[in-house]
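Asker: My questions all concern the structure below.
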Amino acid sequence: MELIFRPRFKYDIDKIKDKEVLQNISVILRQIEESKDINQIGSLVKLEKYVHFYRIKIKLSTRKDYRLGLMIRGRKVWAERIATRRKIYKDFP
């Protein structure tokens with residue numbers, strides 16, 4: 001699938017300093033690029049009431065609980081936001 005990064009996503013990535021979290025994000029993004037359809041993307045959950053919006057949970061511990069917000073249309077995936085569990089749903093979708 002084609003992965004497209006929104007400017008806000010890049011800004012969110014720059015704010016994360018934890019190397020363990022960044023490494024997990026990198027693995028997930030590679031998995032998205034290598035997948036042929038959305039069924040091959042692990043732990044992808046469709047958001048209720050939205051047609052094209054999905055999230056992936058990245059939970060490493062109780063203090064490191066992130067969500068990756070995605071928009072998927074056809075074979076294109078837009079990485080919209082990455083934020084902590086508390087903050088993501090205020091700005092996404």
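Asker: Mean-square fluctuation check for the chain, GNM, Cα pairs under 10 Å: which of K64, K46, K17 is largest?
Answerer: In the Gaussian network model the winner is K17.
Asker: Taking springs between alpha-carbon atoms closer than 10 angstrom, which of D18, D65, D37 fluctuates most in the Gaussian network model of the chain?
Answerer: D18
Asker: Provide the per residue accessible area, probe 1.4 Å, for the chain, rounded to a whole number of square angstrom.
Answerer: Value returned for the chain: 67 Å² of accessible area per residue.
Asker: Oh, and also: Evaluate the charge dipole of the chain about its Cα centre and quote only its size in Debye, nearest 20, assuming +1 on the Cβ of each Lys and Arg and -1 on the Cβ of each Asp and Glu.
Answerer: My answer is approximately 380 debye.
Asker: Could I ask something else about it? At a 1.4 Å probe, what is the % contribution of carbon and sulfur to the accessible area of the chain?
Answerer: 48
Asker: Give, as a single signed number, the net charge of other residues whose beta carbon lies under 12 Å from the beta carbon of Y11, with Lys and Arg counted +1 and Asp and Glu -1.
Answerer: Values: positive: R6, R8, K10, K15, R81; negative: D12, D14, E80, D91.
Summing Lys and Arg as +1 and Asp and Glu as -1 gives +1.
Asker: Among I82, M71, L29, whose Cα lies farthest out toward the positive end of the dipole of the chain, if unit charges sit on the beta carbon of Lys, Arg (+1) and Asp, Glu (-1)?
Answerer: Checking the options against the dipole of the chain, the answer is I82.
Asker: Which one, R55, R30, R67, has the greatest fluctuation when you compute a Gaussian network model over the chain with C-alpha springs under 10 angstrom?
Answerer: Among R55, R30, R67, the largest mean-square fluctuation in the Gaussian network model of the chain belongs to R30.
Asker: What are the GluC sites (Glu not before Pro) within region 8-93 that DSSP puts in a loop, where the Cβ has at most 15 other Cβ atoms within 10 Å? Numbers along the way, then the final one.
Answerer: On the way: sites: E20, E33, E34, E48, E80; in loops: E48.
Within region 8-93, the qualifying GluC sites (Glu not before Pro) (loop, at most 15 other Cβ atoms within 10 Å) are E48.
The values are calculated or read from the model by the stated rules, or taken from the named source; none is laboratory data. Treat the numbers as computed from the prediction; the structure is a model and nothing was measured. Every residue, glycine among them, receives a Cβ derived from its backbone with ideal geometry; neighbour counts consider all protein chains shown. We work out accessible area using only protein heavy atoms, side chains counted, and drop any ligands, DNA or RNA first. Shrake-Rupley method; radii C 1.70, N 1.55, O 1.52, S 1.80 Å.
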